[in-house]
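Quick note: the coordinates plus some simple rules give every number you see, no bench work behind them. It should be emphasised that the depicted structure is a prediction, and the values quoted were computed from it without experimental measurement. Using ideal geometry, Cβ is built from the backbone for each residue, glycine included, and neighbour counts are taken over all protein chains shown.
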Amino acid sequence: MIEKVILTKVFISEKSKEGVPFVSKKTGKPFKKIGIMTTKHGEAWLSAFINSSDDLKNNWKVGDEVQVVVEKNGDWLNFTSPTNFDILKEKHYQLEDRVKLLEQVVNQLKSGVVKPQELPTITQDEQADIDSIPF
């Protein structure tokens, strides 16, 4: 699940505590480790890897609002940046919820529980969301 979080601490390192540079055993390429704390997760550190100089995590700073996917790994919390698949999955769940709501309204209309004039109207924000759909 994609979470929007506000960063309260950011720590990025290219070296271990002993001063040894991080290098991938598989590829031989250098990488960085990033640790963050967020308003949502309190004093728990979330960690990830930075594998390229153009990774946006290189520029994260305290106060930034970012999107992350958090996974619990034993006692640790790891995070990744949302992939296109994560974003599509999130949209899919939102659309499923909206379809369920529409089905409930249609069933209420069919059964006479609700009359058409009693239905809520679409707000301007909801209409903007509908207008942004590309089909």
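Assorted remarks:
- Ranked by how many other Cβ atoms sit within 10 Å of their own Cβ, fewest first, the residues 37, 1 fall in the order 1, 37.
- Taking packing as the residue-averaged number of other Cβ atoms within 10 angstrom, the listed peptides 29-35, 92-98 run from highest to lowest as 29-35, 92-98.
- Taking every C-alpha pair closer than 8 Å and separated by at least 6 residues, the mean separation divided by the residue count of region 7-124 gives a relative contact order of 18 percent.
- Mean residue ellipticity (222 nm) of the chain, computed from DSSP H runs ≥ 4 via -39,500 (n - 2.57), nearest 500: -9000 deg cm²/dmol
- The residues 49, 11, 85, 79, when put in order of fewest to most other Cβ atoms within 10 Å, stand as 85, 11, 49, 79.
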